[in-house]
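Take a look at the structure below.
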Amino acid sequence: MTRQGNQTSEYDVIIVGARVAGSVFAYEMAKSGYKVLLLDRATFPSDTLSTHNIYSNSIAMLREMGIMDRLLQTGTPLYNRAYIQFENAVIDGHFPEVDGSSDCFCIRRTHLDRILVEHASAQPNVTTIEGFRVTDVTSENGIITGIIGRAKDGVIRSFSSKLVVGADGRQSTIRKLVNSKRKLYVPSDFASFVGYFSGFRQEGERCAELYKKGDKLFITFPTSDHLFVVGVMFPLEDKEWIQRFAAGSETGFRDLVTAGLPGSSFSSRLQEAELFGQVKGMLGYDNDWYEEMGEGWALLGDALSFKDPAVGQGMHDAIYSSRILSGLLTANKDWSSSWSGMGDAYQSALESKMMTRFGLACKFTKNIPISKEENAVNHLIGSDPKATQAFLGIYNYANEPEAIAAAVAEFIGQHS
């Protein structure tokens, strides 16, 4: 399916991947007057395995795009409370305000991606082709000049551009074709599974819930269509649970929650809820960071850096990297003579903003027990509202991790 635009063979930018990163980038580039071709092998609406929670700083960016009201029209609820339990330490509080909001939003990808691609495609200089699978890139003197691929009708087509952008996810085709180098790599110790449930009850105010008990982790968010998305993680070395999930994913999912959180409210509430659709998951994944940009190409979102889903930063990083890249390109009119300088600037901006949360993801992704010292600190954080806000503020960029240490030190000083 082709949406909007007059289809030609030459563009300023070709974007491969039309979900969050790709659609946001297409919108931003079109707003600056560039001619954009937006491609995706899927047709929309389309679901994808995702941690799709959006914190308030990302909501602010969506509002600036003029799209937040339409996203809210899906009926997806806002929330601003988190209930977190690390072993026996509870951190329960509200996200601090940032960019004028403290609300969070966990919209399903069937809604989010469709609305974003429609918003991008509505720009007069964006052409969108769905059901198009890229098979190769073209180059001249080592500079990427376009793509080749197969349309939904089976016809092979080629398009040329000044820049090809890979926004095509964790298994990015563009990243492989341009030979982007992997700069950082931390494999996960965990398997991760996700299910959507109807009839899931929450006690008190709507919130996100996260539990880390022993070597297992459980998390839930209120999402679209009157559902809750529930995620579970367990060590890859636990072959028994892998076999139980393989034998029956729903039974394995429910049994893992019962075994991991015995007698808990979360476990009983999940058993009362009904699975909507199928349980999906990954048996292991890599936390990685790739070379960001080269001559004639660049990467965005998960194609650039995938992080453990426990930190929930994928949506922010997709939107943020798209806006950073569009701003950089708009400020440098002569791209052909600026690849090196733009690449350095893009790398610096992304690392400055995103690397701390990447480090947190790499910590979450390893099966390391919570130490006695960490447990004591978590109890202190949970007992002080200021420290709780500092902790939650890491997720929505209200503050950096150093603020937690300062808040804990202040609390200890007041009570010593």
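When the alpha carbon coordinates of region 372-415 are projected onto the principal axes, the ranges are 27, 22, 15 Å, largest first. In degrees, nearest 10, range 0 to 90: what is the angle between the Cα axis of helix 20-31 and the longest Cα principal axis of the chain? It is inclined by approximately 50 degrees. In percent, rounded to a whole number, the relative contact order of region 104-187 is 18, using alpha-carbon pairs under 8 Å and six or more apart. Ordering Asp168, Asp189 by the number of other Cβ atoms within 10 Å of each residue's own Cβ, fewest first, gives Asp189, Asp168. Counted over all Cα-Cα pairs of the chain, pairs farther apart than 34 Å make up 32 percent. Taking the longest Cα principal axis of the chain as reference, the axis of helix 109-121 is set at about 30 degrees.
Between helix 372-383 and the chain there is an angle of about 90 degrees, using the helix long axis and the longest principal axis of the Cα atoms. Net charge near Leu163: determine it from the other residues with C-beta under 14 Å of the C-beta of Leu163, scoring Lys and Arg +1 and Asp and Glu -1. Once positives and negatives cancel, what remains is -4.
Think of each Lys and Arg Cβ as +1 and each Asp and Glu Cβ as -1; about the Cα centre, that makes the dipole of the chain roughly 780 debye. The magnitude of the dipole of region 372-415, with charges of +1 and -1 set on the Cβ of Lys/Arg and Asp/Glu and taken from the Cα centre, is near 120 debye. Scanning residues 5 or more positions from Phe190 or on other chains, those with amide H under 5 Å from its amide H are Leu236, Tyr285, with H placed 1.01 Å from N in the peptide plane.
With a cut-off of 9 Å between beta carbons, the residues surrounding Phe411 carry a summed charge of -1, where Lys and Arg count +1 and Asp and Glu -1. Note on region 71-124 and region 377-397: Cα centroid distance 20 Å, given to the nearest whole angstrom.
Per residue, the chain reaches -11500 deg cm²/dmol at 222 nm when only DSSP H runs of four or more residues are counted, each adding -39500 (n - 2.57). Taking the Cα centre of region 189-283 as reference, the dipole from Cβ charges on Lys and Arg (+1) and Asp and Glu (-1) amounts to some 20 debye.
Here, each number is a calculation from the coordinates, and none is a lab measurement. Small disclaimer: the values here were computed from a predicted structure and weren't measured. Ideal geometry is used to build each Cβ from the backbone, glycine not excepted, and the neighbour counts take in all protein chains shown.
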